[in-house]
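So the structure is just underneath, and the comments pick up after that.
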Amino acid sequence: MLTFILNNKIIKEDIHPGTSLLDIIRYKKDLYGTKVGCREGDCGACTVLEGSLIGEKVVYKSIVSCLTPAGNIHGKHIVTIEGLNMSKLSPVQEALVDNSGTQCGFCTPGFVMSLTCHCMEENISDKSKAINAISGNICRCTGYKSIERAAGDISSLMKNKDIKNPVMWLVEKEFIPAYFKDIPGKLKSIQNTTESNGSLVIGGGTDLMVQKPEEVADKSLKMLYNDSGFKGIFVENNKCIINASSTASDIMNSQVVQEVFPEILTTFKLVSSEPVRNMGTIAGNIVNASPIADLSIFFLALNPDLILIKGNKQRNVKLKDFYLGYKKLDLEDGELIKSLVFEIPEKPYFFNFEKVSKRTYLDIASVNSACFIKEEKGVISNCFFTVGGVSPVPLFLEKTSAYLEGKEISIESISSAAGILQEEISPISDVRGSEKYKRLLARQLFFAHFIKLFPGKITFNKLIENNNIV
Ligand SMILES: Cc1cc2nc3c(=O)[nH]c(=O)nc-3n(C[C@H](O)[C@H](O)[C@H](O)COP(=O)(O)OP(=O)(O)OC[C@H]3O[C@@H](n4cnc5c(N)ncnc54)[C@H](O)[C@@H]3O)c2cc1C
Ligand code: FES
Ligand code: FES
């Protein structure tokens, strides 16, 4: 029995766990404020809030309802635009009106949900964070500047927010209706777990709900998104353990991960959009096995292990050996990814991630690449390079990495390694670019790692001279 709170009502219904939340909201509950746009997670017209009880508080995040399987909202508070209605416009709605941030209005509920969610965050607001909150919302009428101005106004209103308990503060300031005060108690009353032991494994649903929505709506599911055994990021014996259902947002906001990758908050903004990052999991990214999967390319550069489980059996496999061919994996029937594990490198070390896509944000990569380098006295003692979009799998550059070990960081060694890289990749022409273009991108991103990480030694101009680049 699916049990959740929709706005201020507890819902208990027998609904297939693979039904899209958007369809429940609009066609079972007749709440038409949540719009149907792309149904692929791209436009944000269907954005709603998902609140989870954590301790005594409810923590909210934005999600796209079109890609949310019903089973993932069991025990949660779902807020639609109707759930924000009060006797007058909220300050978020007012800011959009005052800045002419709405014209036809189709996208507006989605923007209001994302901006309200930004206000609910337990951290200090600024304009750039408010704009990032709407990274998953597309508007075809207003030209965005007016919406950005509204986001700026909203963030100024957050100056005195109580970041320890933003929800209660927002209720007092009439940003959200008073019923939000009762939600923690109501959520407690409906907390129960459901067993799901179906054949089709699903995490956040951001790949499966796009690729196979009919199958998800029909088959028996194994739902891992809220399974506590698959959640959590922690350190054990100097190893970082990222459990399978950690979302991209969980990873970028984890203090443990930030300690290892200080740039991660900026880097992960290149991955999808805020609501999709709030849903998509690391295991989903790895098993979907797209050759350009950002999380796979990023973590592959630490040469991590995957822990795979089936019943009581457990085995480890290197992530680089997990990909056997295009969408072919070393994963048995019924086997699940439990976690990704990597050794926390001793400081100092160098890490970098690069991505080229047609749009900077909310776009998949044409080519992406990551590198990990340990250097001692100008010599590379250990390194791993990865590149995506130039082979049937997210590619670990075994030969290029091996070649560079023991070499000085110099224009000559990097240029020779770039030659080896070209032999390791096998790009094909497709909608993301021609074979030639992808070869060029792979080399440029490889160079970019060194230009960024070793600016004193490696410069763009010297690489150009040495490689006859015009
Ligand atoms: C609008 C949009 C933008 C996107 N942008 C990007 C982007 O910029 N970069 C990027 O890399 N990706 C992007 N994606 C893809 C997607 O969000 C990610 O790949 C995400 O990490 C998938 O995770 P999920 O939990 O949603 O996967 P799901 O759809 O739930 O599952 C994907 C696959 O993984 C399997 N699976 C899930 N968990 C496990 C487990 N524990 N063990 C075994 N199998 C498992 C499922 O059976 C399924 O085959 C985008 C998607 C959308 C919709
Ligand atoms: S309908 Fe476009 S993101 Fe859901
Ligand atoms: S106001 Fe028309 S799509 Fe945004």
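The values are calculated or read from the model by the stated rules, or taken from the named source; none is laboratory data. Quick caveat, the model's predicted, so the values are computed rather than measured. Every residue, glycine as well, gets a Cβ built from its backbone with ideal geometry; the counts of neighbours run over all protein chains shown.
Here are a few things to note about the model shown:
- When we screen ILE420, ILE364, ILE380, ILE451 for residues that are more than 25 Å from VAL260 (Cα to Cα) and not small (Gly, Ala, Ser), the only hit is ILE420.
- Within the stretch 132-163, considering residues that are surrounded by 15 or more Cβ atoms within 10 Å (Cβ to Cβ) and among the charged types (D, E, K, R), the one farthest from ligand 3 (Cβ to nearest atom): LYS161
- Among the candidates SER155, SER189, residue that is of a type in the set (Gly, Ala, Ser), out of contact with any Phe, Trp or Tyr (no Cβ under 7 Å at 6 or more places or on another chain), assigned by TED's automatic domain parsing to the domain that holds GLY41 and within 30 Å of SER87 (Cα to Cα): SER189
- Strands (runs of 3 or more DSSP E) lying entirely in the stretch 1-101 (those with 2 or more residues that are surrounded by fewer than 24 Cβ atoms within 10 Å (Cβ to Cβ) and at pLDDT 95 or above): 2-6, 9-13, 47-54, 57-64
- Condition check for SER90 on (1) more than 28 Å from ARG359 (Cβ to Cβ); (2) within 16 Å of ligand 3 (Cβ to nearest atom); (3) polar (S, T, N, Q): one failure, at (2).
- Helices (runs of 4 or more DSSP H) contained in the stretch 259-372 and holding at least 2 residues within 30 Å of TYR60 (Cα to Cα): 264-267, 274-277, 282-288, 294-300
- Some residue of the stretch 401-411 being part of a helix (DSSP H, G or I), modelled with pLDDT of 95 or more, acidic (Asp, Glu) and farther than 24 Å from PHE234 by Cβ: no
- Residues considered: THR34, THR47. Of these, the only one that is closer than 24 Å to LEU224 by Cα and among the polar types (S, T, N, Q) is THR47.
- Pair list, Cβ under 6 Å, 6 or more apart: the stretch 334-351 residue touching a residue at least 24 places away in the same chain (Cβ under 8 Å) and surrounded by fewer than 18 Cβ atoms within 10 Å (Cβ to Cβ), other residue among the polar types (S, T, N, Q) and assigned to a loop (DSSP other than H, G, I, E, B): ILE344/ASN238
- Taken together, the residues in the stretch 175-199 that are touching a Ser or Thr at 6+ places or on another chain (Cβ under 7 Å), at pLDDT 95 or above and surrounded by fewer than 18 Cβ atoms within 10 Å (Cβ to Cβ) amount to 0.
- Long-range neighbours under 6 Å by Cβ, at least six apart or interchain, first residue free of Cβ contacts under 8 Å to residues at least 24 places away in the same chain within the stretch 152-180, second assigned to a helix (DSSP H, G or I) and of a type in the set (Phe, Trp, Tyr): ASP162/TRP169; VAL171/PHE180
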